[in-house]
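Just so it is clear, none of the values below were taken in a lab; they were calculated from the coordinates. What you see is a predicted model, and the numbers here were worked out from it, not measured in a lab. As a convention, Cβ positions derive from the backbone with ideal geometry for all residues, glycine included, and neighbour counts pool all protein chains shown.
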Protein chains: 2
Amino acid sequence: MTDAINAFIPGPRITIDGARDGPLAGLTFAAKDLFDVAGYPTGGGNHDWARSNPVPTKHAWAVQTLLDAGAKLIGKTITDEVSLGILGENAFDGTPLNTKAPDRVPGGSSSGSAAAVAAGLCDTALGTDTGGSVRVPASFCGLYGIRPTHGRLDVTGMLPQAPSSDTTGWFDRDADTFACVSSVLLGETIADTLPTRLIVAVDAFGFADAAVAAALQPMVAKLATLIGSAREEMMAPQGLSVWSRAQRTLQPHEAWQTFKPWVERDNPRMAFNVARGLVAGSTIPESDRSWAELMRQEARARMAYLLPQGTILCLPTTPFPAPKKGLSLPVLGPMRDRIGCLCAQGGLTGVPQVSIPGATVDGLPIGLSIIGGRGTDAMLVAVALAMEVAK
Amino acid sequence: MTDAINAFIPGPRITIDGARDGPLAGLTFAAKDLFDVAGYPTGGGNHDWARSNPVPTKHAWAVQTLLDAGAKLIGKTITDEVSLGILGENAFDGTPLNTKAPDRVPGGSSSGSAAAVAAGLCDTALGTDTGGSVRVPASFCGLYGIRPTHGRLDVTGMLPQAPSSDTTGWFDRDADTFACVSSVLLGETIADTLPTRLIVAVDAFGFADAAVAAALQPMVAKLATLIGSAREEMMAPQGLSVWSRAQRTLQPHEAWQTFKPWVERDNPRMAFNVARGLVAGSTIPESDRSWAELMRQEARARMAYLLPQGTILCLPTTPFPAPKKGLSLPVLGPMRDRIGCLCAQGGLTGVPQVSIPGATVDGLPIGLSIIGGRGTDAMLVAVALAMEVAK
């Protein structure tokens with residue numbers, strides 16, 4: 001069963017017992033192979049990564065925090081190469097199974113973590129989200145997933161991609177576990193205070209497939225009932241595609257800065273499209289980056305204006321459910337670009353986002369996302385919990 | 001010994017006896033893994049190439065021709081990935097040993113064929129030369145090597161790269177074997193008529209390292225004596241770098257056309273710099289290509305003017321001897337570009353070129369090349385033979 005899921009990296013399974021007592025005692029977790037586990041090479045999803053990177057001597061902060069809270073590590077999971085991918089098809093390690101949609105991709109780059117939780121191989125799992133790498137697999141696999149406020153969690157021991165957008169996230173099957181794990185990693189009690197105003201991001205819903213927008217309506221209605229006040233607004237007046245363009249300028253440029261020394265020293269083997277992404281990052285002109293930085297400021301100002309204390313915003317996590325496996329690059333390119341239009345706001349503005357499962361299109365999961373102002377992570381988790389209770 | 005050379009592709013050695021009689025009876029040969037051998041997948045130097053390409057049912061023309069002439073195939077050799085490389089470092093199969101310079105690269109992309117002949121594992125070996133892939137390893141490994149007139153040999157069963165520049169070439173340790181094999185593959189007797197005029201390409205000698213130009217002087221002097229008349233001329237009045245720029249426009253564009261269907265369908269794993277080359281080929285604007293086509297016409301006209309019947313031209317095959325193994329990409333990039341400046345004329349103009357061994361710089365081999373007008377391949381081989389006799 002485990003092998004059919006293909007969630008874990010090749011080789012002997014890495015397991016570490018958690019602390020005897022703690023809020024997560026009895027729970028199991030997996031960690032994306034971008035998180036350091038002391039004594040084991042961090043694989044990074046690329047077989048040439050570990051070769052010239054030292055074996056870590058300390059656990060990553062997030063791994064240590066879950067162990068200290070009593071959870072047991074039961075394995076490291078497959079990731080898109082050095083987190084550069086959004087679909088979860090790794091040319092070296094294969095594609096983790098999306099148990100809710102076996103002929104579809106699981107989403108990436110935190111593909112194995114999402115697959116492991118969805119298949120019940122563990123209770124929770126760590127991922128990373130720079131441009132959507134937790135949110136997208138959460139949506140595709142029908143899981144709770146969080147991208148916390150940028151800069152809130154300690155990312156020590158987590159393989160970076162684009163530091164100004166990188167976050168640590170996690171997946172869970174049920175809202176209670178999600179709340180427990182979130183409380184530990186956020187270091188904050190999940191109170192039962194809910195927001196009082198809901199914004200429905202009309203541009204984001206208009207951008208998604210019509211079937212997705214329709215499938216999410218019951219969840220939006222329940223959310224509106226729960227919160228008591230809803231209004232429609234554009235999230236990105238400048239354009240979702242313009243925000244995405246800014247993120248697709250900043251993030252690949254930063255990723256190139258991160259990986260350039262490795263690439264130039266080791267000339268590593270990588271799937272063509274991963275290399276193409278790095279090459280694209282290496283050729284971005286300074287003028288484009290200056291513009292993108294200004295658009296980032298505008299987007300941050302927009303989010304701060306839209307999301308005062310007590311207000312949250314909802315949008316489809318992804319514009320469509322999981323695509324089929326093995327599609328060709330020219331077919332995947334435009335799909336990736338569309339995903340970017342809904343996800344770019346995370347890396348661009350740094351606000352927290354939770355993807356809530358519960359809807360399907362033709363039997364395929366699709367997530368509804370809620371976003372709040374910086375630091376409202378626990379409140380978003382509380383909303384997810386309240387949605388579950390209100391079922 | 002064989003394993004230390006690392007000339008052959010992984011897996012069981014492919015051997016096929018040649019015809020009982022024939023001009024090459026008793027000789028052994030190897031074929032670069034871009035040539036079809038019936039019943040065996042053509043690997044192409046990339047582990048994802050064979051996956052979706054059918055196993056050939058016929059030998060490549062060049063392989064069949066050598067077998068028919070009595071030579072025995074004793075193996076298929078390592079190549080740079082899908083012939084896209086000039087140094088001979090394959091990230092999947094490793095670097096064939098340059099026996100004359102063990103800490104140096106063998107040159108590529110026909111790296112294994114050159115290494116096998118240089119190490120004495122076979123008498124002759126087939127390579128391909130699009131942008132220098134026979135000439136460069138011949139120079140680096142101290143071998144005879146030929147890039148025939150473009151379009152002269154049947155390239156059926158040879159994995160293409162850039163068809164308007166692709167040629168089939170071969171390597172030999174001694175001039176006699178080189179003449180025998182050349183006679184068979186060219187389908188022409190190697191007569192003893194020599195050219196009567198020699199041009200020394202001053203721009204090419206000026207472009208090479210001073211130590212290389214100096215090391216080749218005795219060979220140039222011998223050549224001048226043999227031919228009886230020598231004058232200095234620029235080979236490329238427009239600039240070696242301008243010719244190279246044209247070739248670096250046409251060749252990668254064509255290579256992208258060749259490999260695009262495979263890359264887009266299979267998203268193959270490849271070394272970063274190989275992928276980067278393909279990406280570069282995919283982004284060349286039409287306006288650059290139009291210019292490069294015009295420069296190709298100018299370069300062809302120049303070669304036709306310089307090389308009437310009875311005239312040959314000489315130049316350093318490479319601007320420097322083999323670089324060290326394992327250099328980083330930023331160090332290798334400018335070296336590759338310099339090699340391109342001396343080699344571009346082959347693909348650009350289609351004239352035949354023979355690299356003759358015999359000089360060294362600090363103990364490292366360096367080749368002297370001779371070039372003639374289209375169709376003068378046999379005459380160039382005759383010059384190589386006469387140089388050997390004149391020793």
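Along Cα→Cβ at 7 Å, what distances in nm separate the A:D176 label point from those on the other copies, shortest first?
Label-point separations across copies, in nm and ascending: 8.9.
Only Lys, Arg, Asp and Glu count, each charged at its Cβ (+1, +1, -1, -1), so figure out the dipole size of segment B:197-389 about its Cα centre, rounded to 20 debye.
So the dipole magnitude of segment B:197-389 works out to roughly 240 debye.
To the nearest 20 debye, what is the magnitude of the charge dipole of segment B:11-186 about its Cα centre, counting +1 on the Cβ of each Lys and Arg and -1 on the Cβ of each Asp and Glu?
60 debye
Ordered by residue, what ³J(HN,Hα) values in Hz, to whole numbers, does segment B:8-22 give under the Karplus form 6.51 cos²θ - 1.76 cosθ + 1.60, where θ = phi - 60° and Gly and Pro are x?
Working through the residues one at a time gives 9, 5, x, x, x, 5, 8, 10, 9, 5, x, 4, 4, 10, x Hz.
In Å, the Kirkwood hydrodynamic radius of segment A:122-256 over pairs of distinct alpha carbons?
16.9 Å
Going by a ≥ b ≥ c, the root eigenvalues of the Cα gyration tensor, does segment A:232-331 fall in the rounded group (a/c under 1.5), the prolate group (a/b larger than b/c) or the oblate group?
Oblate is the answer for segment A:232-331, as a/c is 1.5 or above yet b/c matches or exceeds a/b.
In nm to one decimal, list the spacings between the B:R20 label point and its equivalents in the other copies, with label points set 7 Å along Cα to Cβ, shortest first.
Those separations, rounded to one decimal, come out as 8.6 nm.
Which ordering of A:C343, B:C141 is given by a fewest-first count of other beta-carbon atoms within 10 Å?
A:C343, B:C141
Counting only other chains, what is the mean number of Cβ atoms within 10 angstrom of the Cβ of each residue in peptide B:258-271?
Partner Cβ neighbours, averaged per residue: 5.
What shape does the protein assembly as shown have by the C-alpha gyration tensor, where a ≥ b ≥ c are the square roots of the eigenvalues, rounded means a/c under 1.5, and otherwise prolate means a/b greater than b/c and oblate the rest?
prolate
For segment B:202-216, in order, what is each residue's ³J(HN,Hα) by Karplus, 6.51 cos²θ - 1.76 cosθ + 1.60 with θ = phi - 60°, in whole Hz (x at glycine and Pro)?
3J(HN,Hα) across segment B:202-216, in whole Hz: 5, 5, 5, 5, x, 7, 6, 3, 4, 5, 5, 4, 5, 5, 8.
Can you compute the charge dipole magnitude of the protein assembly as shown about its Cα centre, using +1 on each Lys and Arg Cβ and -1 on each Asp and Glu Cβ, nothing else charged? Give it in debye, rounded to the nearest 20.
Around 500 debye, computed over the protein assembly as shown.
Tell me the distances, shortest first, between B:R300 and the same position across the other copies, using label points 7 Å along Cα→Cβ, in nm to one decimal.
Spelled out, the distances from B:R300's label point are 5.8 nm.
Sum up the charges of everything whose Cβ sits under 15 Å from the Cβ of B:G350, counting Lys and Arg as +1 and Asp and Glu as -1, but leave B:G350 out.
+1
To make sure I understand, if each residue's beta carbon is the centre and we count other beta carbons within 10 Å, what order do A:V354, B:V274, B:V184 fall in, fewest to most?
Ranked by crowding around the Cβ, least crowded first: B:V184, B:V274, A:V354.
Determine ³J(HN,Hα), in whole Hz, for all residues of segment A:243-249 in sequence, where each value follows from phi through the Karplus function 6.51 cos²θ - 1.76 cosθ + 1.60 and θ = phi - 60°; x replaces Gly and Pro.
Taking θ as phi minus 60°, the curve returns 4, 5, 4, 5, 5, 6, 9 Hz for segment A:243-249.
Peptide B:326-332: average number of partner chain Cβ atoms within 10 Å per residue?
Taking the mean over all residues of the peptide, I get 3.
Plugging the Kirkwood radius over Cα pairs into Stokes-Einstein for segment B:11-186, at a temperature of 25 °C and a viscosity of 0.890 mPa s, what D comes out in µm²/s?
The diffusion coefficient I find is 159 µm²/s.
Cα gyration tensor of chain A, axes a ≥ b ≥ c as square roots of the eigenvalues: rounded (a/c below 1.5), prolate (a/b > b/c) or oblate?
In terms of gyration-tensor shape, rounded.
Just to check, using Stokes-Einstein with a Kirkwood Rh over alpha carbon pairs, what's the diffusion coefficient of segment A:124-204 at 10 °C and 1.306 mPa s in µm²/s?
Value of D from the Cα-based Kirkwood radius: 114 µm²/s.
Restricting to Cα pairs below 8 Å that are 6+ residues apart, what does the relative contact order work out to for segment B:259-391? Please round to a whole percent.
Relative contact order, segment B:259-391: 25 percent.
Whole Å is fine, so just give me how far the alpha carbon centre of segment A:54-71 lies from that of segment B:92-144.
Centre-to-centre distance over Cα atoms comes out at 49 Å.
Under 5 Å between amide hydrogens, which residues at least 5 positions from B:V200 or on another chain qualify, with H placed 1.01 Å from N in the peptide plane?
Placed amide hydrogens put B:R231, B:E232, B:E233, B:C314 under 5 Å from B:V200.
Show the residues, 5+ positions off or on another chain, whose built amide H is closer than 5 Å to the amide H of B:V361.
B:I366
Using Cα positions and a limit of under 26 Å, work out the lysines in reach of B:K32, with same-chain residues fewer than 8 apart set aside.
Cα-Cα hits under 26 Å: B:K58, B:K72, B:K76, B:K100, B:K260, B:K324, B:K325.
Putting +1 on Lys and Arg Cβ atoms and -1 on Asp and Glu Cβ atoms, find which of A:T79, A:I339, A:G239 reaches farthest to the positive end of the dipole of chain A.
Sorting the options by dipole projection puts first A:G239.
Please list, in chain and number order, the residues 5+ apart from A:W170 or on another chain whose amide H is under 5 Å from its amide H, with Hs placed from the backbone.
Here A:G127, A:I146 satisfy the definition.
Take chain A, connect every pair of alpha-carbon atoms lying under 10 Å apart with a spring to form a Gaussian network, then pick out the residue of A:L87, A:L34, A:L327 with the largest mean-square fluctuation.
Among A:L87, A:L34, A:L327, the largest GNM mean-square fluctuation belongs to A:L327.
Given points 7 Å out from each Cα along the Cα-Cβ axis, report the A:D3 to A:A210 separation in nanometres with one decimal.
Label-label distance for A:D3 and A:A210, simple model: 4.7 nm.
Give the order of A:C180, A:C314 when sorted by the count of other beta carbons within 10 angstrom, beginning with the fewest.
The most exposed by this proxy come first: A:C180, A:C314.
If you average the C-alpha positions of segment A:233-312 and of segment B:316-391 separately, how far apart do those two centres end up, in angstrom?
About 45 Å separates the Cα centre of segment A:233-312 from the one of segment B:316-391.
If you project the alpha carbons of segment B:47-93 onto their three principal axes, what span does each projection cover, largest first, in Å?
Dimensions of segment B:47-93 along the principal axes of its Cα atoms: 34, 26, 16 Å.
Name the chain A residue with the Cβ nearest the axis that maps A onto B: which is it, and what is the distance in angstrom?
Whole-Å result, nearest residue of chain A to the axis: A:A275, 2.
Restricting to bridges with both residues inside the protein assembly as shown, how much of the DSSP beta-bridge set is antiparallel, in percent to the nearest 5?
Expressed as a percentage, antiparallel bridges in the protein assembly as shown total about 65.
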